[in-house]
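Have a look at the structure below before the remarks.
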Amino acid sequence: MMTDELEDIDLLDDVDATSDDDGQLYEHLRMEVDRGQEPVRIDKYMSEHVQHSSRNRIQKAADAGFIQVNGTPVKCNYKVRPGDIITLMLDRPHYDTTIEPEDIPLDVVYEDDQLMVVNKPAGLVVHPGVGNFHGTLVNAIAWHLRNLPTYDPNDPSVGLVHRIDKDTSGLLVVAKTPEAKTELGAQFFNHDTHRSYVALVWGNFTEDTGRIEGNIGRDPKDRQRMAVFPAGGDIGKTAVTHYRVLERYGYTTLVECRLETGRTHQIRAHMKHIGHPLFADERYGGMEILRGERTASYKAYIQNCLKLCSRQALHARTLGFVHPVTHEQMDFTSELADDMQALVDKWRNYTRNNDIT
């Protein structure tokens, strides 16, 4: 199981994305319904027969017209019959998703025969997907472990236990064995791990600590962004973020965020929801000047800040879990990435030199 700032990636993960605008569809999957199959909804049938694909994602594919039976698009309530030919037709060509080892620099914080902890730089995609089939963290891990006979980068029972966004830096744990991944995955699922992030956000806080609770789901107005919906409602998944103020810079604040749950873009969406988007987070409005002065000098200062750190100011600083074999508590901390540290230093100096509180 995978948790954290990105959801599981499977065949239907980017069903809303369009890479070709010529209207052509490409076959990604073909299956024939067995003889003797009882009539059953196609979304239920496919969810039981297509590995790693949820019923919800299959329903989305059907709604988009991507699921065909005997050459004709069908809705998710279509009932399959023996001999039906089911095809998944997507608006992008089929790519070979085999993960190949690639010699990419890897910052290994800790390693033993069961697992390894790595410090991911900002800008490195974690897992191959649409638009990024090479040059990912998974390819780097495959290279690092290329001489380990028992590690197959294409075997989902080993590898990354959780993920973070491309432009988020920080710590991740990798399981070398199926047993380690099962045990670590259970700890993440049950929220038994300890994780904290450091973020620079727009605005000042009236309080020193706080708790944000609100379901997180896909934004209906922008499918590349997540939105916050009422807690306990039917839309989205339960999400809780705890935050603590570390330093105040008047117009921005350095905060520590602790995840009680791990949802796609959780910190980014939750912070925007309470009026404090992450600094330089373009997708959630953080590239705009949301607090401060209207002077030309201040605008120039912000532009210089954005040159120092042109991605969302978010770093996965701490990671703690119980070792799957020794049962020892393992705790790791990583320093802020250079670009984010430079950004924080710049805000500290600005606050000091301008007497801002």
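The values are calculated or read from the model by the stated rules, or taken from the named source; none is laboratory data. Since the structure is predicted, the reported quantities are computational estimates derived from the model, not experimental observations. Note that we place each Cβ from the backbone using ideal geometry, even for glycine, and neighbour counts take in every protein chain shown. We work out accessible area using only protein heavy atoms, side chains counted, and drop any ligands, DNA or RNA first. Shrake-Rupley method; radii C 1.70, N 1.55, O 1.52, S 1.80 Å.
Can you work out the base-10 log of I(q)/I(0) for the range 114-220 at q = 0.13, 0.16, 0.20 1/Å, using the Debye formula on its C-alpha atoms alone?
So the normalised log intensities are -0.62, -0.87, -1.19.
For the chain, what does the accessible surface come to per residue with a 1.4 Å probe? Please give it in Å².
That works out to 49 Å² per residue.
Measure off, as a whole percent, the carbon and sulfur share of the 1.4 Å-probe accessible area of the chain, all protein chains present.
Carbon and sulfur together cover 46 percent of it.
Using r as the Cβ-Cβ distance of H242 and R348, and R0 as 25 Å, what FRET efficiency do you calculate, to the nearest 0.05?
Taking R0 as 25 Å, the efficiency between H242 and R348 is 0.55.
Are any of the pairs K44/K75; K120/K237; K176/K237; K166/K307 more than 20 Å apart by Cα-Cα distance, and if so, which?
K120/K237; K176/K237
Run through the range 218-254 and list the trypsin sites (Lys or Arg not before Pro) located in a DSSP loop whose Cβ has at most 12 other Cβ atoms within 10 Å.
Sparse-neighbourhood loop trypsin sites (Lys or Arg not before Pro): K221.
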